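Worksheet: the structure to be examined is printed underneath.
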Amino acid sequence: MELNKLLEIARTERFHTKPIQIRCCTAAGCLSSNSQAVKDNLDASVKAAGLEKRLQVAGVGCMPLCYQGPLVQVDNQENLTEAKFYEKVIPEDATKIISEVNGEVTDLQKVICISHFLLVNYLFS
Ligand code: FES
């Protein structure tokens with residue numbers, strides 16, 4: 001495939017990408033800890049909050065911290081310093097995660113220190 005065609009595909013994909021991406025690990029380790037139900041509840045919470053135009057939930061591959069799973073990563077393309085990682089997420093946490101992404105304060109205490117996450121990702125990639 002030619003470079004120009006690849007750049008055109010990348011531009012098209014970026015145009016359709018929503019500003020906030022919520023990535024739920026659905027690889028084997030997290031899947032065995034009920035991550036599919038976490039993802040389903042995240043999808044339902046986004047819809048219930050009417051945030052479909054800003055938030056996109058996706059199932060993704062392993063994020064090398066399987067022992068902390070299910071993992072959920074939130075990336076805000078408008079502010080990349082706001083990336084958050086949630087550990088040991090259960091389906092009932094989905095509504096609180098979406099509330100936090102929407103700027104509300106909750107009592108959910110499952111955010112992983114980003115430097116720990118990056119270190120492990122670096123060591124195992
Ligand atoms: S399987 Fe989810 S982090 Fe590895």
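Derivation of every value follows stated rules applied to the coordinates shown; laboratory data play no part. Just so you know, these numbers come straight off a predicted model, no measurement behind them. Note that each Cβ is placed from the backbone with ideal geometry, even for glycine, and that neighbours are counted across all protein chains shown.
Here the simple spin-label model places points 7 Å from the Cα toward Cβ, and for residue 78 and residue 2 these points are separated by 3.8 nm. Span-like helix criteria (full DSSP H runs; alpha carbon extent of at least 30 Å along the helix axis; mean Kyte-Doolittle hydropathy of at least 1.0) are satisfied in the chain by no helix.
Can you tell me how much longer the chain between residue 106 and residue 88 gets when fully stretched, taken as 0.36 nm per residue apart minus their C-alpha distance, in nm with one decimal? It would help to have the intermediate numbers written out before the result.
Numbers: separation 18, 0.36 × 18 = 6.48 nm, distance 1.64 nm.
My answer for the length gained is 4.8 nm.
Per the Kirkwood formula applied to alpha carbons, the chain shows a radius of gyration over Rh ratio, Rg over Rh, of 1.00.
Taking amide hydrogens as placed 1.01 Å from N in the peptide plane, the amide H of residue 18 sits under 5 Å from that of no residue at least 5 positions away in sequence or on another chain. Local charge for residue 8 was computed over the other residues whose Cβ lies under 12 Å away, with Lys and Arg +1 and Asp and Glu -1, and equals +1. DSSP bridge analysis restricted to the chain gives an antiparallel fraction near 60%, rounded to the nearest 5.
In this simple spin-label model, placing a label point 7 Å from the Cα along the Cα-to-Cβ direction at both residue 12 and residue 36 gives a separation of 3.1 nm.
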